Amino acid sequence: MWPILAAFDVGKFAEDFSGMVWTPYLFFLLMGCGIVFSVASKFVQWRIMRHGLSCIRGDYDNPDDVGAINHFQALCAALSATIGLGNIAGVAVAISLGGPGAVFWMWVIGFLGMVLKFFECTLAVMFRDVRDVPDPSAPALMEADAERRTLEYAGQSPPEAGAKSEARGEVRGGPMWYIQKALVDPLKKRNSMWWVLFKALAVLFAISTVLNSFGGGNMFQGWNVADMLEKNFNVNRVGSATVVSILVALVIIGGIKRIGQVASKLVPTMCVIYVLGALYVVSSHAAEIPDYLMLIVKSAFQPVSTQGAFTGVSIWVAFNWGLKRACFSNEAGEGSAAMAHAAAKTDEPIREGVVAGVGPFIDTIIICTMSALVILMSGTWVRPALGTIERIDGDDAYITFAEASTIPSELVAPYLDRLEVDTELLIYVLIPGSNVPQQVSAKITALARGEGDEWAILQAATVDIKGQREAAEIEASEAEADEKPASATWTALQAAGQDVHLSMEGAEMTAFAFDTAVRGFGKYIITLAVCLFAFSTMISWSYYGEKGAEYLLGPGAILPYKFIFVIFVFGGMYMTKFQPVYDFSDATTGLMVLCNLPAVLVLSPVVLRAAKDYFSRLDSGQMPKYRK
């Protein structure tokens, strides 16, 4: 599919790239800025929660303000990018690899993310670039612009003094623009060489945005949609890729106005559907909610031991995964949402910062917590082994299923629905001298089962381990040539009694958790949520990517970018493996944070002065309301 990438190990490159970016320095930069901004602003998060609702309702919307979309549409456009697979698959990944403690660190980043979004989106409006030209991101609407034009078109008289142009015009904003207008241009005028450093940050941010729009904002989303539709409803990948690509193209050709209009209807709908579904599952364990909340807090500050399918983690691992998944989910500190909020109709930058600050609360504190509680309460994260390896004969491993008494009753039906030929299992190979088992993937080649809905109908199964044997032989020959010891994984696998678990990745784990409450519920609710969330993320990230492309190459790059974006939607849905895309998206997300936060930190005094003025006017009743 991608022959240009076949020349090297894409997966290894993406994994190493992500590891290079996500160092402890990045973690401390993200949390440090959040803490500094919170203290300096006297914890503006509380102001955001109180004043934000009035702004979102439109109480302060002035129709004559410059911009393309209202506060609610700007918030929905930003949320449509952030509320996505990070809330479904991302939370599952965080818990499976970081334990319950990872959820606590997601909360922390969610709280700090409110102030990070407040600062960066305030700057985005404060230093946005407003031009009296037709919006190049919406070519389908440029003709209507031209008809309403009062400036710059031949044969028309100039407007009277003070008259307002009726053209929609274009609003450009985001980290690259506040770096350019607030730092690069002033420093350049003063002949300070520091402008080169900040210009490099702006360019690198724009490049990272474009790359991330193709990765996490596009291919990763499309892959999950195609995977869920194929596994649950046998929908052909080519068919689903074609339909989704066309739908994305129809929306993004209308620019930020059409994206805002679609998002303002899609985001509330998908949030309500998902939260109601999660509440239904959580309500069946309502009495246990305090216990699980306490488990989340305790696990953030103490190691968690191996339990069932969960292999145990340290405090650092929980912190690491919680931070990465929260950043991927709510995009706080990343600067992406600033591009959507820069298009808001307002002449009060602080007000838009307040609206933007509501985003991480909805995304992380509400949506992600609902997903986490469903996964934890269902026991999916510590699900017991299906059985053990009885013996190995050549390329076949024979499985003996566990006793019915070891499988919780609520897990029986979800297990039975998923066990069939070609189902992927994980063999947990415990190597002597190690406390953490190595996971070996293998697919079922033969399954003997009877009729009914009881665990006892499972009789025996065989899995293919030919791939593991061949890999071990290659590794052994390479080790012999280099005079190094070969891996002990294959040797340990030969021993009988290794546990076998059902393999679950991302959204599959969340769907399984929903199924423990009502059989088949996860299949429909998660598939619908994945489709809606992924589609909304793709249309918003197309706008972010086009703004990055426009900054780098000018307005002429927008239409070619959109064409390439739609091609990547199709390509991502046609892919069979997503891990390299996932790792690469993590890396570009981290790069965006590294470029954005230093600039926000330098410009933070500007935001603090503006916030002091705005809230003093608000508290004294000087702020006019346009909606009674």
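Could you grab the pairs with beta carbons closer than 9 Å, sequence gap of 6+ or different chains, first residue in the range 543-562 and farther than 17 Å from Leu250 by Cα, second one of a type in the set (Asp, Glu) and assigned to a helix (DSSP H, G or I)?
Here the result reads Gly556/Glu550; Ala557/Glu546; Ala557/Glu550, each pair linking the range 543-562 to a residue that is of a type in the set (Asp, Glu) and assigned to a helix (DSSP H, G or I).
Scan the range 315-332 and give yes if some residue there is touching a residue at least 24 places away in the same chain (Cβ under 8 Å) and touching a strand residue (DSSP E or B) at 6+ places or on another chain (Cβ under 6 Å), otherwise no.
To start, the set of residues in the range 315-332 that are touching a residue at least 24 places away in the same chain (Cβ under 8 Å) comprises 315, 317-332.
Now narrow it down to the ones that are touching a strand residue (DSSP E or B) at 6+ places or on another chain (Cβ under 6 Å): none.
No; the residues of the range 315-332 include none that is touching a residue at least 24 places away in the same chain (Cβ under 8 Å) and touching a strand residue (DSSP E or B) at 6+ places or on another chain (Cβ under 6 Å).
Across the range 380-428, which residue is farthest from the chain's Cα centre (by Cα) among those that are among the hydrophobic types (A, V, I, L, M, F, W, C) and more than 28 Å from Asp515 (Cα to Cα)?
Among those that are among the hydrophobic types (A, V, I, L, M, F, W, C) and more than 28 Å from Asp515 (Cα to Cα), it is Ile392.
Count, please, the residues in the range 102-124 that happen to be open to solvent by less than 10 Å² (accessible area, probe 1.4 Å) and over 12 Å from Trp381 (Cβ atoms).
Here the count works out to 15.
Please find, among Tyr614, Tyr551, Tyr561, Tyr543, the residue that is within 19 Å of the chain's Cα centre (by Cα) and either at pLDDT below 90 or in a helix (DSSP H, G or I) (or both).
Of the residues listed, the single one that is within 19 Å of the chain's Cα centre (by Cα) and either at pLDDT below 90 or in a helix (DSSP H, G or I) (or both) is Tyr543.
When you scan the range 342-362, do you find a residue that is under 20 Å from the mean Cα position of the chain (by Cα), farther than 15 Å from Leu75 by Cα and open to solvent by 10 Å² or more (accessible area, probe 1.4 Å), even just one?
Scanning the range 342-362 turns up no residue that is under 20 Å from the mean Cα position of the chain (by Cα), farther than 15 Å from Leu75 by Cα and open to solvent by 10 Å² or more (accessible area, probe 1.4 Å).
What is the residue count in the range 323-377 for residues that are closer than 12 Å to Ile83 by Cα and not in a helix (DSSP H, G or I)?
So the answer is 1.
When the residues of the range 221-245 are filtered to those that are open to solvent by 50 Å² or more (accessible area, probe 1.4 Å) and charged (D, E, K, R), which remaining residue is farthest from Gly506 (Cα to Cα)?
Glu230
What number goes with the only condition from (1) modelled with pLDDT of 90 or more; (2) within 15 Å of Asn224 (Cβ to Cβ); (3) open to solvent by less than 10 Å² (accessible area, probe 1.4 Å) that Gly522 does not pass?
Gly522 satisfies all of (1) modelled with pLDDT of 90 or more; (2) within 15 Å of Asn224 (Cβ to Cβ); (3) open to solvent by less than 10 Å² (accessible area, probe 1.4 Å) except (1).
From the list Ser208, Ser192, pick out the single residue that is of a type in the set (Gly, Ala, Ser), out of contact with any strand residue (DSSP E or B) (no Cβ under 8 Å at 6 or more places or on another chain) and not in a helix (DSSP H, G or I).
Ser192
Filter the range 186-222 down to residues that are hydrophobic (A, V, I, L, M, F, W, C) and farther than 24 Å from Lys547 by Cα, then give me how many there are.
Summing the residues that are hydrophobic (A, V, I, L, M, F, W, C) and farther than 24 Å from Lys547 by Cα in the range 186-222 gives 2.
Against the definition (open to solvent by less than 50 Å² (accessible area, probe 1.4 Å) and either under 25 Å from Pro437 (Cβ atoms) or at pLDDT below 85 (or both)), how does Ser336 come out, yes or no?
no
Residue by residue through the range 269-284, note down the ones that are open to solvent by 50 Å² or more (accessible area, probe 1.4 Å) and touching a residue at least 12 places away in the same chain (Cβ under 8 Å).
Listed by number, the residues that qualify are Thr269, Ile273, Leu279, Tyr280, Ser284.
Looking only at the range 202-220, filter to residues that are open to solvent by less than 10 Å² (accessible area, probe 1.4 Å) and aliphatic (A, V, I, L, M); which one of those is farthest from Phe563 (Cα to Cα)?
Within the range 202-220, the match that is farthest from Phe563 (Cα to Cα) is Ala202.
What number of residues within the range 232-260 satisfy the criterion of being assigned to a helix (DSSP H, G or I) and in contact (Cβ under 8 Å) with a residue 40 or more places away in the chain?
Of the residues in the range 232-260, 20 are assigned to a helix (DSSP H, G or I) and in contact (Cβ under 8 Å) with a residue 40 or more places away in the chain.
Is at least one residue of the range 178-185 touching a helix residue (DSSP H, G or I) at 6+ places or on another chain (Cβ under 9 Å), at pLDDT below 95 and either over 30 Å from Tyr614 (Cα atoms) or not in a helix (DSSP H, G or I) (or both)?
The answer is no; no qualifying residue exists.
Can you say whether Thr491 is of a type in the set (Val, Ile, Thr), under 25 Å from Ala241 (Cα atoms) and either surrounded by fewer than 20 Cβ atoms within 10 Å (Cβ to Cβ) or modelled with pLDDT under 90 (or both), as far as the supplied structure shows?
Here the answer is no, as Thr491 does not meet what is asked.
Please work out which residue is surrounded by the most Cβ atoms within 10 Å (Cβ to Cβ), limiting yourself to the range 18-60 and to residues that are closer than 10 Å to Leu112 by Cα and modelled with pLDDT under 90.
Applying the filter and picking the extreme gives Leu30.
Assess whether Glu410 counts as being under 17 Å from Asp499 (Cβ atoms) and among the acidic types (Asp, Glu).
no
Which residues, counting only those in the range 552-571, are open to solvent by less than 40 Å² (accessible area, probe 1.4 Å) and out of contact with any Phe, Trp or Tyr (no Cβ under 8 Å at 6 or more places or on another chain)?
Gly554, Ala557, Ile558, Tyr561, Lys562, Val566, Val569
Please work out which residue is nearest to Val103 (Cα to Cα), limiting yourself to the range 300-318 and to residues that are outside any loop (DSSP other than H, G, I, E, B) and among the aliphatic types (A, V, I, L, M).
Ala318
Which residues, counting only those in the range 530-540, are open to solvent by 10 Å² or more (accessible area, probe 1.4 Å) and touching a helix residue (DSSP H, G or I) at 6+ places or on another chain (Cβ under 6 Å)?
Hits for the range 530-540 are Cys531, Leu532.
From the set of residues in the range 572-622 that are among the basic types (Lys, Arg) and over 26 Å from Leu183 (Cα atoms), which is surrounded by the fewest Cβ atoms within 10 Å (Cβ to Cβ)?
Lys577
The values are calculated or read from the model by the stated rules, or taken from the named source; none is laboratory data. Please read these numbers as outputs of a predicted model, since none were measured by experiment. With ideal geometry, Cβ positions are generated from the backbone for all residues, glycine too; neighbour counts draw on all protein chains shown. Ligands, DNA and RNA are stripped out before the accessible areas are found, and what is left, the full protein with its side chains, is counted by its heavy atoms. Shrake-Rupley method; radii C 1.70, N 1.55, O 1.52, S 1.80 Å.
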